[in-house]
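Asks: Following this message is one structure expressed as structure tokens.
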Amino acid sequence: MINTLRNYMELSSTVADIVEAQIKEHPLSKLGLSTGSTPLGMYKELVSRELDWSTVITFNLDVYLMYVNHPESYQSYMRKNLFDRTNIYPNHYHFPFRPFSSFEDKIKGSKGIDLCILGIGTNGHIAFNEPGSSFLSRTRVVNLEEQTIIDNARFFDSVDDVPTQAITMGLATIMESKKIVLMAKGLKKKSILNQAMFGMITEDIPASILQEHKNVEIYYCD
Ligand code: F6R
């Protein structure tokens, strides 16, 4: 089921409520986190709630293959919008790293992700698992689709500056999360979201694999 909310503020605070409850009920929670424009309001809301992040561990879903201190890197994004504004320990937050098997082992070693917050691309990608990604995929380097590069050009001076490759958790990695919450905003996401949630489960629409997860919640606003 897709929960349709009235506006972006409600979307942000609803998902922030879920993260807050997770952290308060389970202070040792492991969170899977995404970036992009959709979760910005949720991060802002979480920062304003001044929660105790001192025992929380996080795993970001993906990073561009680019200079990590570039202002548009996902490492910079997370520091600016969440990590530097909470009491999370720097050695408690993780971005995909090489060797990828060690990153996967790190997640497994921490007993897995309890709550994973996802966005969705206009082509149905989750994290940077582009259409055609195997449902069995794990953390790896991927080439970004032209549509993704165009969609993300708004964050850069020009489309030519958008990285063309990324490291992403795989679909199998994401599906091992105990609970998944997907946030989507805007009419341009509506049709792909409906196809992903109610259409055929196919690797052509990576998000459609979520239909097979037992504990997934979808939140959408126009
Ligand atoms: C980024 C990520 C991506 C985004 C998706 C939507 O970490 O996981 O899958 O969630 O590209 O991005 P926005 O929210 O910018 O539309």
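Asks: Just to be sure I understand, how many residues within the stretch 71-102 are more than 15 Å from the ligand (Cβ to nearest atom) and of a type outside the set (Gly, Ala, Ser)?
Replies: Adding up the residues that qualify gives 14.
Asks: Ok, one more. Just checking, does the stretch 139-150 include any residue being over 18 Å from the mean Cα position of the chain (by Cα), outside any loop (DSSP other than H, G, I, E, B) and surrounded by 16 or more Cβ atoms within 10 Å (Cβ to Cβ)?
Replies: Checked against the condition, which is being over 18 Å from the mean Cα position of the chain (by Cα), outside any loop (DSSP other than H, G, I, E, B) and surrounded by 16 or more Cβ atoms within 10 Å (Cβ to Cβ), the stretch 139-150 yields no hits at all.
Asks: Sticking with this structure for a sec: Residue check, residue 173 against (1) within 13 Å of the ligand (Cβ to nearest atom); (2) closer than 21 Å to residue 37 by Cα, all met but one. Which one?
Replies: Every listed condition holds for residue 173 apart from (2).
Asks: Looking at residue 60 and the list (1) in contact (Cβ under 8 Å) with a residue 24 or more places away in the chain; (2) over 16 Å from the mean Cα position of the chain (by Cα), which single condition is not satisfied?
Replies: Every condition holds for residue 60 apart from (2).
Asks: On to the next question. Is there a residue in the stretch 108-121 that is away from the ligand (no atom under 14 Å from the Cβ) and in a helix (DSSP H, G or I)?
Replies: Start the filter on the stretch 108-121 by keeping residues that are away from the ligand (no atom under 14 Å from the Cβ), which leaves 108-112, 114-115.
The next check asks that each one be in a helix (DSSP H, G or I); those that pass are 108-109.
Within the stretch 108-121 (the criterion being away from the ligand (no atom under 14 Å from the Cβ) and in a helix (DSSP H, G or I)), the answer is yes, since at least one residue qualifies.
Asks: Okay, moving on. Consider only pairs whose beta carbons are under 6 Å apart and that are at least six residues apart or on different chains; among these, list those whose first residue lies in the stretch 7-33 and is in contact (Cβ under 8 Å) with a residue 40 or more places away in the chain and among the basic types (Lys, Arg) and whose second residue is in a loop (DSSP other than H, G, I, E, B) and surrounded by 14 or more Cβ atoms within 10 Å (Cβ to Cβ).
Replies: Qualifying pairs under 6 Å: 30/110; 30/113; 30/114.
Asks: Quick check on residue 119: is it surrounded by fewer than 17 Cβ atoms within 10 Å (Cβ to Cβ), closer than 22 Å to residue 217 by Cβ and touching a strand residue (DSSP E or B) at 6+ places or on another chain (Cβ under 7 Å)? Walk me through how you get there before you give the answer.
Replies: On the way: surrounded by fewer than 17 Cβ atoms within 10 Å (Cβ to Cβ): no; closer than 22 Å to residue 217 by Cβ: yes; touching a strand residue (DSSP E or B) at 6+ places or on another chain (Cβ under 7 Å): yes.
Judged against the criteria, residue 119 is not a match.
Asks: If we keep just the residues of the stretch 151-172 that are within 17 Å of the chain's Cα centre (by Cα) and among the β-branched types (Val, Ile, Thr), which is nearest to residue 139 (Cα to Cα)?
Replies: 168
Asks: Ok, one more. Exactly one condition in (1) more than 16 Å from residue 116 (Cα to Cα); (2) at pLDDT 95 or above; (3) more than 16 Å from the ligand (Cβ to nearest atom) is not met by residue 1; state its number.
Replies: Among (1) more than 16 Å from residue 116 (Cα to Cα); (2) at pLDDT 95 or above; (3) more than 16 Å from the ligand (Cβ to nearest atom), the lone unmet condition for residue 1 is (2).
Asks: Do we find a residue being within 13 Å of the ligand (Cβ to nearest atom) and of a type outside the set (A, V, I, L, M, F, W, C) anywhere in the stretch 41-51?
Replies: Yes, the stretch 41-51 contains at least one residue that is within 13 Å of the ligand (Cβ to nearest atom) and of a type outside the set (A, V, I, L, M, F, W, C).
Asks: Would you check if residue 183 is in contact with a Ser or Thr (Cβ under 8 Å, 6 or more places away or on another chain), more than 14 Å from residue 96 (Cα to Cα) and of a type in the set (A, V, I, L, M, F, W, C)? Before the answer, list the steps.
Replies: Working: in contact with a Ser or Thr (Cβ under 8 Å, 6 or more places away or on another chain): yes; more than 14 Å from residue 96 (Cα to Cα): yes; of a type in the set (A, V, I, L, M, F, W, C): yes.
When the stated conditions are applied, residue 183 passes them.
Asks: Here's something else I'd like to know. Looking only at residues in the stretch 163-220 that are of a type in the set (Val, Ile, Thr), in contact (Cβ under 8 Å) with a residue 12 or more places away in the chain and in a loop (DSSP other than H, G, I, E, B), which one is nearest to residue 14 (Cα to Cα)?
Replies: 205
Asks: In the stretch 176-221, what count of residues is obtained for those that are closer than 22 Å to residue 18 by Cβ, away from the ligand (no atom under 11 Å from the Cβ) and of a type in the set (D, E, K, R)?
Replies: 7
Asks: Which strands (runs of 3 or more DSSP E) does the stretch 28-72 wholly contain that include 2 or more residues that are over 21 Å from residue 114 (Cβ atoms) and modelled with pLDDT of 95 or more? Show your work before the answer.
Replies: Working: elements: 30-33, 57-60, 62-64.
By residue number, 62-64.
The values are calculated or read from the model by the stated rules, or taken from the named source; none is laboratory data. Small disclaimer: the values here were computed from a predicted structure and weren't measured. Note that we place each Cβ from the backbone using ideal geometry, even for glycine, and neighbour counts take in every protein chain shown.
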